[in-house]
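A.B. asks: Pasting a structure below so you can have a look.
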Amino acid sequence: MKTIFTVAAAAVFGLASGALAADLPDLGGQEVVVATENAYPPLQFMDPKTGNAIGWEYDAMAEIAKRINITVVYENSSWDAMIPAVSEGQYDLGMTGITIREDRMEKVDFSDKYLTSQMRMIVAGDESRFDDAAGFAANSDFLAAAQPGTTPFYVTVYDILDGDEANPRIKLFENFGAAIQALRVGDVDLALSDSTAANGYVTASNGGLKIVGEPLGTEDFGFIFPKGSKLVPSINAAIASMEADGTLEALNTKWFLDYKLGQ
Amino acid sequence: MAASSNDKEDFPWWLAAVVLIGLYLGWQVVASELYLQILTTLTKGIKTTIFVTIVSFTLASLLGLLLALGAGSKWLVVRQVTRFYVEVVRGVPIIVLLLYVAFALAPALVELRNYLGDMIGLEPIRTRQFPLIWRAIIALMVAYSAFISEVFRAGLQAVEEGQIEAAKALGLNGWQQFRLVIFPQAIRTIMPPLGNDFVALVKDSSLVSVLGVLDVTQLGKVIAAGNFRYFETYNVVALIYLTMTISLSLALRRFERHLRDKETTE
């Protein structure tokens, strides 16, 4: 049923996008260097079977490129280096599920949001001492894992704990996989992640992990650009047209529902 | 040199143990589709790791040698400047050096290049034309040159004063003294710790992953993020680094023994 609807929607919206495309800017094949890390499934990751970079953001960028006529060149970056590198103009655009945040806007320009994600609580599979954020916050023995500078870190600090970024109840890890391992061996009791990655880890853990509680707040993802980039209005126009004709929704269905992570 | 005769006789039990573990892990890799997939993808990073290691080690050795000679200079300014460089660089974590070089030194170098290029009519280049892999290599070169210069300095100072006097008495000039008398003797003291630094650099080259350089470590990070199999992935990463470092250690031992044998037969 869902497939039929998607196909029908694509057909209808496909016509609509033809009409809309006429209003979009044409950048004449201009080269745009895009920084990616490929470590954020299903937005961008390495297909475990083929080793190729795939994901929601690659599909979206390909569609944007078609609509505003740009040539995309991908370069690998790491999360630590991406914001400084884009800020100094090393790349024209950075994408890796970057949450639109005020403090980051001092360094880089953001596009309009192209995706909204929810934050979930991951705990050990046999966790029975708490099942929501308040229950976790109430006991000062419970520890959380987070990567410094990421949205899960800030949500843990401000939405679950007391707003103290140096709170000793947060154990910092260099990457999310390490945080998950700490959770599995019992060094910490909680780790936050957006719903997609959370589901991926839980599926791959064979019962070692589970998700508890309600989703915590939402985050909007945007592309980042060097300050004053002239690309922003064109990319925004493409995002708006993809939102309007259902392309973004179709990508959500493809990558969040139909694609099975970690298998 | 008396102590070294022992490790000639010792049967390398540790190596036998390593080989057994390696065989076991190797069998795991071949038997499991997941491990095999990880290994296949990771192999793409080995070339980068080796390239980064060899280039930055070569450059660091050259700079280290210059620094060591600077430390023994007859001019106070040169001696103090070298000392300053070695002490400061040796005390800063490599990961911090990497970020400094990539995002402070590299843009400054590009600016300098454009300033100088402007005078002779060259087109200005942009920072992005300075690839991150070369910024990473420069950072590793800077970091390791400080350690290596100390190795060279110790080796050069270990050459007896009488040898230099004899060389002078033979009428050799400064360069000839260094090339024919001092360096051939110093190299035997230098080799073991220098080899040690090389093995350490194979591992430390993994730090370039913070700049997104696609070496074995960065690929491991990316793979683990995609398949959610953190342990399996890092097992393979460890296996690859161990294979590189242990075979390198064995090669270095052979080479040291070769130097030693040459010394005794001379």
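A.B. asks: Take each of the peptides B:51-58, A:168-175, average the number of other beta-carbon atoms within 10 Å over its residues, and list them starting from the highest. List each step's numbers first, then the result.
C.D. replies: On the way: B:51-58: 19.2, A:168-175: 16.1.
So the order, starting with the most tightly packed, is B:51-58, A:168-175.
A.B. asks: Okay, next question. Please give the FRET efficiency for residue B:74 paired with residue B:21, using the beta carbon to beta carbon distance and R0 = 45 Å, rounded to the nearest 0.05.
C.D. replies: Details: r = 53 Å, r/R0 = 1.18.
Rounded to the nearest 0.05, the efficiency is 0.25.
A.B. asks: Let me ask you something else. What is the distance in Å between the Cα centroid of region B:54-129 and that of region B:170-217?
C.D. replies: 17
A.B. asks: Can you list the residues in region B:221-261 whose accessible area drops by at least 20 Å² when all protein chains are present, compared with the chain alone? Use a 1.4 Å probe, heavy atoms only.
C.D. replies: The answer is B:221, B:222, B:225, B:226, B:227, B:228, B:229, B:230, B:231 - residues whose exposure falls by at least 20 Å² when every protein chain is included.
A.B. asks: Does chain A come out rounded, prolate or oblate, given a ≥ b ≥ c as the square roots of the eigenvalues of its C-alpha gyration tensor, rounded meaning a/c under 1.5 and, failing that, prolate meaning a/b above b/c? All intermediate terms of the calculation are to be shown ahead of the outcome.
C.D. replies: Working: a/c = 2.13, a/b = 1.57, b/c = 1.36.
Prolate shape, in that a/c is at least 1.5 and a/b is the bigger ratio.
A.B. asks: Kirkwood hydrodynamic radius of chain B from all distinct Cα pairs, in Å?
C.D. replies: Values: mean 1/r = 0.0466 Å⁻¹.
Kirkwood radius, chain B: 21.5 Å.
A.B. asks: Give me a comma-separated list of calculated 3J(HN,Hα) values for region B:22-30, in order, Karplus coefficients 6.51, -1.76, 1.60 applied at θ = phi - 60°, integers in Hz, x for any Gly or Pro.
C.D. replies: Result, rounded to whole Hz: x, 4, 4, 5, x, 5, 4, 4, 5.
A.B. asks: Once you keep just the Cα pairs under 8 angstrom separated by 6 or more residues, what percentage relative contact order results for region A:115-214?
C.D. replies: Numbers: 159 pairs, mean separation 46.1, N = 100.
Over region A:115-214, the number comes to 46 percent.
A.B. asks: Check which residues have an amide H placed less than 5 Å from residue A:32's amide H, if you skip close sequence neighbours.
C.D. replies: Under 5 Å from the amide H of residue A:32: A:71, A:72, A:73.
A.B. asks: Right, another one. Just list whichever of A:210/A:260; A:210/B:44; A:171/B:221; A:66/A:113 have alpha carbons separated by over 25 Å in the model shown.
C.D. replies: Long pairs (Cα-Cα over 25 Å): A:210/B:44.
A.B. asks: Assuming a ≥ b ≥ c are the square roots of the Cα gyration tensor eigenvalues, decide whether the protein assembly as shown counts as rounded (a/c under 1.5), prolate (otherwise, with a/b larger than b/c) or oblate. Intermediate results must be reported in sequence, preceding the final value.
C.D. replies: Numbers: a/c = 2.29, a/b = 1.65, b/c = 1.39.
Here the protein assembly as shown falls in the prolate category.
A.B. asks: I've got another one for you. Tell me the total accessible area that B and A bury against each other, 1.4 angstrom probe, in square angstrom rounded to 100. Before the final figure, lay out the partial values.
C.D. replies: Details: alone 16120 and 12630 Å², together 26230 Å².
Answer for the B-A pair: about 2500 Å² buried.
A.B. asks: Run the numbers for residue B:13 and residue B:58: contour at 0.36 nm per residue of separation, minus the present Cα-Cα distance, in nm.
C.D. replies: On the way: separation 45, 0.36 × 45 = 16.20 nm, distance 3.25 nm.
Using 0.36 nm per residue and subtracting the Cα-Cα distance, I get 12.9 nm.
A.B. asks: Taking the simple approach of a point 7 Å from Cα along Cα-to-Cβ for both residue A:159 and residue B:31, what is their distance in nm?
C.D. replies: Each label point lies 7 Å from its Cα, and together they span 4.4 nm.
A.B. asks: So, one more: What percent does the relative contact order of chain B come to when contacts are Cα pairs within less than 8 Å and at least six residues apart? Before the final figure, lay out each step's value.
C.D. replies: On the way: 231 pairs, mean separation 69.7, N = 266.
About 26 percent, as a whole number.
A.B. asks: Select from B:45, B:196, B:62 the residue farthest towards the positive end of the dipole of region B:34-265; place +1 on Cβ of Lys and Arg, -1 on Cβ of Asp and Glu, and compute about the Cα centre.
C.D. replies: My answer, from the dipole projection, is B:45.
A.B. asks: Could you give each residue of region B:213-226 its phi-based ³J(HN,Hα) in whole Hz, using Karplus coefficients 6.51, -1.76, 1.60 with θ = phi - 60°, and x for Gly or Pro?
C.D. replies: Each residue's phi maps through the Karplus curve to give 5, 7, 8, 4, 5, 4, 5, x, 4, 5, 5, 4, 6, x Hz.
A.B. asks: Using alpha-carbon pairs under 8 Å, 6+ residues apart, how would you state the relative contact order of chain A in percent? Present the calculation step by step, with values, prior to reporting the outcome.
C.D. replies: On the way: 449 pairs, mean separation 74.7, N = 263.
About 28 percent, as a whole number.
A.B. asks: Can you tell me the accessible area per residue over the protein assembly as shown, all protein chains present, probe 1.4 angstrom, in square angstrom? Numbers along the way, then the final one.
C.D. replies: Details: 26230 Å² over 529 residues.
That works out to 50 Å² for each residue.
A.B. asks: Next question. Which of the listed residues, B:12, B:258, B:243, is farthest toward the dipole's positive end in chain B, when Lys, Arg count +1 and Asp, Glu count -1 at the beta-carbon?
C.D. replies: Highest projection toward the positive end goes to B:243.
A.B. asks: Give the residue from B:104, B:206, B:148 lying farthest towards the positive end of the charge dipole for region B:34-265; charges sit on Cβ (+1 for Lys and Arg, -1 for Asp and Glu) and the dipole is referred to the Cα centre.
C.D. replies: B:206
A.B. asks: What are the ³J(HN,Hα) values, in whole Hz, obtained from phi via the Karplus relation 6.51 cos²θ - 1.76 cosθ + 1.60 with θ = phi - 60°, for each residue of region A:165-178 in sequence order, with x given for Gly and Pro?
C.D. replies: Result, rounded to whole Hz: 5, 9, 4, x, 7, 9, 9, 8, 10, 6, 9, 5, x, 5.
A.B. asks: Also: Out of all DSSP beta bridges with both ends in the protein assembly as shown, state the antiparallel percent to the nearest 5. Mind showing how you got there, number by number?
C.D. replies: Working: 22 of 36 bridges.
Of all bridge pairs located within the protein assembly as shown, approximately 60 percent are antiparallel.
A.B. asks: Also, I was wondering about something else. Tell me which residues come under 5 Å, amide H to amide H, from residue A:115 once H is placed; ignore anything under 5 positions away on its chain.
C.D. replies: Residues meeting the amide H criterion: A:221.
A.B. asks: Taking trypsin sites (Lys or Arg not before Pro) as candidate sites, keep only those in a DSSP loop with at most 14 other Cβ atoms within 10 Å, then name the longest stretch of chain B containing none of them. Could you put the intermediate results ahead of the total?
C.D. replies: Numbers: sites that count: B:74, B:126.
It works out to B:127-266.
A.B. asks: Ok, one more. Can you give the mean number of other chain Cβ atoms that lie within 10 Å of the Cβ atoms in peptide A:172-183? Display every interim value, and only then the final one.
C.D. replies: Numbers: counts 0, 0, 2, 4, 5, 11, 4, 1, 3, 4, 0, 0.
For this peptide, the per-residue mean of nearby foreign Cβ atoms is 3.
A.B. asks: So, one more: Looking at region A:51-81, which residues lose a minimum of 20 Å² of accessible area between their chain alone and all protein chains in place, measuring with a 1.4 Å probe and not counting ligands or nucleic acids?
C.D. replies: A:51, A:76, A:78, A:80, A:81
A.B. asks: How much of residue B:120 can a 1.4 Å solvent probe reach, expressed as accessible area in Å² and rounded to 10?
C.D. replies: We get 130 Å² for residue B:120.
The values are calculated or read from the model by the stated rules, or taken from the named source; none is laboratory data. Owing to the predicted nature of the structure, the values given are computational and were not obtained by experimental measurement. Here the Cβ is made from the backbone with ideal geometry for all residues, glycine too, and neighbour counts use every protein chain on show. Please note that ligands, DNA and RNA were not included when accessible areas were found on the heavy atoms of the full protein model with its side chains. Shrake-Rupley method; radii C 1.70, N 1.55, O 1.52, S 1.80 Å.
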